[in-house]
Amino acid sequence: MRTLILLLSFLLWIQTGNAQIRLAGFNQKAIDKSLYDGRWKARWIAVPNEPANTFGVYHFRKNIELEEKPNSFVVHVSADNRYKLYVNGTEVSAGPARGDIYNWNFETIDIAPWLKSGKNTLAAIVWNYADKKPVAQISFNQTGFILQGNTEKEYIVNTDNTWLCYVNKAYSPINIHVPGYYVAGPGEKTDAALYPWGWEKPDFDDTSWLKAQNGIEGAMKGARDYPGRLLVPSPIPPMENKTERFSAVRMEEGIKTPAEFPAKAKDIIVPANSKVRLLLDNQVLMTGYLSVLFSKGKSAEITLGYAEALYEKETDTRKGYSKGNRNEVENKRFIGYEDKIVADGGEHRLSTSLWWRTWRYVNVTIETKDSPLVIHDIYGTYSAYPFRNETAFSVPGHEELNKMLEIGWRTARLCANETYMDCPYYEQLQYFGDTRIQAMISLYNSTDQYMVKNAIEQGRQSIVADGITMSRYPSNLHQFISSFSLWWINMGHDYWMYIGDETYVKTLLPAFRGVLAWYEQWLKPNNSLDFVPHWFFADWSEGFPHGEPIREKNGNSSFQDLMYLLTLDAAAEMEDAIGIPSIATHYRSIASAIRTTFKQYYWDSERQLFADTHDHRSYSQHVNALAVIAGIIEGEDAKGLMRKTLTDTSLAQATIYFRYYVHQALDKAGMGDELLDNLKIWNDQMALGLTTWAEKPEPSRSDCHAWGSSPNIEFYRILLGIDSSAPGFSEVCISPALGKLKEASGSIPHPKGKISVSYKIDKKGVLTAEINLPESVTGTFVWKNETRKLNGGKQTIII
């Protein structure tokens with residue numbers, strides 16, 4: 001059967017076309033059709049006589065003459081590893097968005113607003129981190145830059161050996177030493193005396209620069225016999241960038257800062273031969289670029305340390321580094337990665353990091369030599385994916401709920417840059433287990449679909465010949481978390497249910513089949529999976545070694561079986577609707593067999609719980625929650641199981657990540673009214689002064705993990721009760737679970753507009769519900785076992 005499924009998958013792949021080539025870019029409509037055919041006129045260029053793959057920072061420039069200011073001037077630009085593009089001294093683009101060799105993104109920009117009649121200068125800074133690059137950065141292992149004009153009128157700017165280039169020797173990497181797993185790239189040391197100040201401006205003297213070295217022509221994915229990076233339009237919009245100033249100076253050593261600083265730019269004069277320290281507090285965590293504007297102070301060293309929080313001085317490092325209350329700085333120590341700047345004595349030098357950083361606190365230490373240093377300003381430029389929150393939520397008298405949503409949204413935004421990320425400080429990697437939750441947050445809070453679709457597509461791009469996805473992607477270091485391949489399929493099902501896009505989802509089905517065929521080889525005759533290889537991550541629960549559920553040597557794991565079962569159900573629904581019905585039948589046959597024997601193997605009648613293994617050696621909240629979601633147990637029995645699951649502290653406890661599934665089980669068991677009674681994890685983190693949700697219980701490595709932002713889904717899906725009941729959100733089921741609340745209202749975006757609800761319960765217990773649906777959307781309203789039909793438009797229901 002596995003062979004038949006793969007054959008059918010191949011046939012459907014032929015029918016639907018290669019979606020990886022056809023996937024639409026964010027600004028694809030602006031691309032001239034001629035660029036899809038054959039090779040580009042522009043070439044990849046580099047600096048002559050430089051090693052192909054070594055740490056380096058490079059500049060490229062080209063001056064052009066225009067008779068008049070154009071109305072439009074579209075260019076396409078990319079680099080390896082990364083670039084920032086300037087037109088007449090103004091930064092206009094940064095990238096490329098992270099991808100891989102077979103999907104190398106380029107940005108499309110209309111630079112006309114920055115052009116003028118007469119002389120114009122295009123300039124780029126390009127850097128290659130080489131062996132120091134972040135794990136999320138894939139490279140062709142050759143430094144390169146390419147810029148292609150869109151049509152013949154723009155070909156004048158095409159990269160070739162008419163461009164000039166320069167090696168910037170000012171930069172060197174700084175190795176990072178922080179507690180925990182860190183793979184987000186090096187710090188930067190910048191020697192201002194070696195920096196070519198003003199290189200991006202039209203009046204810069206570039207007569208000593210070299211002519212660029214021509215490389216291979218560029219070509220888009222699909223070009224015949226092309227051995228280079230396969231260029232594709234960037235699937236996402238440019239990042240949001242905005243100035244964000246620090247809130248306070250929390251510590252001063254050796255100097256007194258002006259009262260207006262850091263809220264405003266004010267000169268700070270650091271005397272000669274002195275050492276000073278400032279601890280700056282942003283009040284909330286942020287991601288972005290840190291800039292320092294300074295003058296004079298030749299050879300002075302400015303060290304910038306970045307941290308999410310300060311650490312307790314007395315801590316047992318064998319158990320992790322304790323941070324305590326994140327608002328407190330007294331009697332704590334600063335540990336964080338660093339950038340360094342060595343001043344050259346010049347005037348108004350503005351130094352900004354090449355790559356963005358993550359901080360709440362920045363530790364500034366300055367050591368001057370024989371002349372004083374003037375710090376004119378220190379500020380940040382917030383940078384993140386340009387999500388826009390399009391929800392509303394109000395529960396009078398419960399402001400803490402809005403605070404949770406605020407923190408959750410901030411967390412979600414900081415964990416989304418060019419991809420979703422597990423955490424912005426330590427890894428910046430898109431793990432598909434995390435990403436499923438992050439994608440749902442996007443779907444419930446924003447109309448943006450680019451990021452979700454890009455994440456699903458990058459899951460497909462990560463698939464290896466065995467049939468499963470990598471755990472995370474893009475990544476230059478392969479890692480397999482086999483459970484995350486299943487969550488990736490469920491993420492595709494989520495996208496189908498809440499967005500639709502069936503033409504695209506249909507192209508995913510062959511990949512989904514490949515994953516499930518890989519799993520099917522581990523299915524034993526007793527309808528239980530064998531010991532599934534690789535890392536079968538479940539949760540950072542204290543009862544799970546390495547985050548894995550308890551399993552026997554030959555598998556017999558209820559967690560494994562339930563994840564597989566839920567994914568079979570999701571895949572069967574998609575196959576029935578838009579795929580191959582016979583494959584859906586096959587999946588349902590396996591699922592039915594698992595359900596038939598599941599209780600026999602895992603149910604403990606004495607404890608009235610599902611065990612983790614056949615031999616009933618341990619129990620967890622995770623397994624019992626998944627059993628309810630999968631419908632293994634229903635009705636009053638499900639309620640009883642969930643009550644026991646939530647109150648029996650001997651069970652392995654779900655951390656903030658897996659509470660997403662615990663809360664789904666609560667709702668499935670008809671106990672959504674108890675959601676607000678099960679938010680202790682989030683309340684505890686708020687009490688610790690966290691402004692984003694931490695990765696796991698204290699001591700936590702990362703203070704920013706969006707897998708903890710599930711209230712930004714469940715306050716709308718469970719409390720307000722708004723959910724999709726048909727693909728594409730074409731039908732809705734609204735079933736509020738208000739608990740003890742007497743009033744609540746809110747709205748979420750919908751593919752066809754907005755869904756808004758308002759509930760009030762009077763003293764007699766009568767509910768008045770005001771509901772507004774997009775005109776073409778229908779559904780049902782459920783309250784206390786009563787069901788009413790919903791139509792498009794406004795309606796009032798009284799029960």
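Under unit Cβ charges (Lys, Arg +1; Asp, Glu -1), what dipole magnitude, rounded to 20 debye, does the chain have relative to its Cα centre?
Its charge dipole is roughly 380 debye.
By the compact-protein rule of thumb, 2.2 N^0.38 Å, the alpha-carbon radius of gyration of the chain corresponds to a ratio of 1.01. Could you tell me whether region 338-446 comes out rounded, prolate or oblate from its Cα gyration tensor? Rule is a ≥ b ≥ c as square roots of the eigenvalues, rounded for a/c under 1.5, then prolate if a/b exceeds b/c, otherwise oblate. Since a/c reaches 1.5 and a/b is larger than b/c, the shape of region 338-446 is classed as prolate. Looking at region 502-571, which trypsin sites (Lys or Arg not before Pro) are in a loop (DSSP not H, G, I, E or B) and have at most 15 other Cβ atoms within 10 Å? In loop regions of region 502-571 (DSSP not H, G, I, E or B), the sparsely surrounded trypsin sites (Lys or Arg not before Pro) are Lys553. With coordinates expressed along the principal axes, the C-alpha atoms belonging to region 423-498 extend over 33, 30, 18 Å, beginning with the largest. Of Ser442, Leu790, Gln148, whose Cα points farthest to the positive end of the dipole of the chain (charges on the beta-carbon: +1 Lys, Arg; -1 Asp, Glu; origin at the Cα centre)? Checking the options against the dipole of the chain, the answer is Gln148. Could you look at the chain and say what percent of its accessible area is carbon and sulfur, using a 1.4 Å probe and all protein chains? With neighbouring chains kept in place, the figure for the chain is 49 percent.
Using a probe of 1.4 Å, the accessible surface attributed to Lys599 totals some 90 Å² when neighbouring protein chains are kept in position.
Summing charges over all other residues whose Cβ lies under 10 Å from the Cβ of Ser371, with Lys and Arg as +1 and Asp and Glu as -1, gives +2. The Rg/Rh ratio for region 490-553 is 1.09, where Rg is the radius of gyration of the alpha carbons and Rh is the Kirkwood radius. Dividing the convex hull volume of the alpha carbon atoms of region 102-211 by its residue count gives 163 Å³ per residue. Using C-alpha pairs under 8 Å with a sequence gap of at least 6, the mean separation divided by the residue count of region 122-240 gives a relative contact order of 24 percent.
When you work out D = kT/(6 pi eta Rh) for region 718-799 at 25 °C and 0.890 mPa s, using the Kirkwood radius from C-alpha pairs as Rh and the Stokes-Einstein form, the result is 194 µm²/s. Relative to the current alpha-carbon distance between Lys794 and Glu390, full extension at 0.36 nm per residue lengthens the span by 143.5 nm. In region 273-351, the alpha-carbon atoms span a convex hull of 120 Å³ per residue. In order along region 446-453, the Karplus-derived 3J(HN,Hα) couplings, from 6.51 cos²θ - 1.76 cosθ + 1.60 at θ = phi - 60°, round to 8, 8, 5, 10, 4, 5, 4, 5 Hz, and Gly and Pro are given as x. Seen from every direction in turn and averaged, the convex hull around the alpha carbons of region 522-649 projects onto 8.4 nm². For region 115-167, the orientation-averaged shadow of the C-alpha convex hull comes to 5.5 nm² (one quarter of the hull surface). Each residue of region 687-700 was assigned a 3J(HN,Hα) from its phi angle through the Karplus curve 6.51 cos²θ - 1.76 cosθ + 1.60 (θ = phi - 60°); the sequence is 5, 8, x, 5, 9, 9, 7, 6, 4, 7, x, 4, x, 9 Hz, with glycine and proline shown as x.
Surface analysis of the chain yields an accessible area of 38 Å² per residue, using protein heavy atoms and a 1.4 Å probe. Would you calculate, for the chain, the mean residue ellipticity at 222 nm contributed by helices, counting each DSSP H stretch of 4 or more residues as -39,500 (n - 2.57) and dividing by all residues, to the nearest 500? Value at 222 nm, helices only: -7500 deg cm²/dmol. Taking label positions 7 Å along the Cα-Cβ direction at both Met686 and Ala30, the computed distance is 4.2 nm, reported to one decimal.
The mean of 1/r over all distinct Cα pairs in region 597-704, once inverted, gives the Kirkwood hydrodynamic radius of 14.7 Å.
Annotation: amide H-H contacts under 5 Å for Glu731 (H modelled 1.01 Å from N, sequence separation of 5 or more, or interchain): Ser725, Ala726.
Note that region 673-720 shows a convex hull volume over its alpha carbon atoms of 71 Å³ per residue. Take the Kirkwood radius over Cα pairs of region 553-621, plug it into Stokes-Einstein at 20 °C and 1.002 mPa s, and you get 164 µm²/s for translational diffusion. Spin-label model, Glu347/Lys275: points 7 Å from Cα along the beta carbon direction are separated by 3.2 nm. Here the contact order of region 360-486, divided by its residue count and restricted to Cα pairs under 8 Å and six or more residues apart, works out to 19 percent. The label point for Lys201 and the one for Glu698, both projected 7 Å from the Cα toward the Cβ, are 5.1 nm apart. Computed from backbone phi, the HN-Hα couplings of region 370-378 come to 8, 9, x, 10, 10, 8, 7, 6, 9 Hz, rounded to whole numbers (Karplus: 6.51 cos²θ - 1.76 cosθ + 1.60, θ = phi - 60°; Gly and Pro given as x). Charges were assigned to the Cβ only: +1 to each Lys and Arg, -1 to each Asp and Glu. The resulting dipole of region 256-391 about its Cα centre is roughly 160 debye.
Compared with the dominant Cα axis of the chain, that is its longest principal axis, helix 581-602 is turned about 70°. To the nearest 10 degrees, how steeply does helix 659-668 sit against the main Cα axis of the chain, on a 0 to 90 scale? The answer is roughly 30 degrees.
Residues whose amide H falls under 5 Å from that of Trp104, counting only those 5 or more places apart or on a different chain, are Leu230, Leu231, Val232, with hydrogens built in the peptide plane. Averaging 1/r over every pair of different alpha carbons in region 213-286 and inverting the result gives a Kirkwood radius of 17.6 Å. Comparing Ser730, Gly765, Ile748 along the charge dipole axis of region 673-784, the residue lying farthest to the positive side is Gly765, per the Cβ-charge model. Over the chain, Cα pairs under 8 Å with separation of 6+ residues give a relative contact order of 11 percent. Ranking Leu35, Pro549, Thr692 by how far each Cα lies toward the positive end of the dipole of the chain (charges on Cβ) leaves Leu35 at the top. Let me make sure I get this right: for region 33-77, a, b and c are the square roots of the gyration tensor eigenvalues over alpha carbons, sorted descending. Under 1.5 in a/c it's rounded, otherwise prolate if a/b > b/c, else oblate. Which is it? The shape class here is oblate. Counting Lys and Arg as +1 and Asp and Glu as -1 over every other residue whose Cβ lies under 15 Å from the Cβ of Pro545, the net charge comes to -1. Around the amide H of Ala248, modelled in the peptide plane, lie the amide H atoms of Asp281, all under 5 Å away and 5 or more residues distant in sequence or on another chain.
A straight line joining the Cα centroids of region 477-546 and region 27-79 runs 40 Å. Net charge within 9 Å of Tyr602 by Cβ-Cβ distance, Lys/Arg positive one each and Asp/Glu negative one each, not counting Tyr602 itself? For residues surrounding Tyr602, the net value is -2. Rounded to the nearest 10 degrees, what's the angle between the helix 2-16 long axis and the longest principal axis of the chain, both from Cα atoms, 0 to 90? Its long axis makes an angle of about 60 degrees.
The values are calculated or read from the model by the stated rules, or taken from the named source; none is laboratory data. Quick caveat, the model's predicted, so the values are computed rather than measured. We place every Cβ from the backbone using ideal geometry, glycine too, and count neighbours over all the protein chains shown. All accessible areas refer to the heavy atoms of the entire protein, side chains included, with ligands and DNA or RNA removed. Shrake-Rupley method; radii C 1.70, N 1.55, O 1.52, S 1.80 Å.
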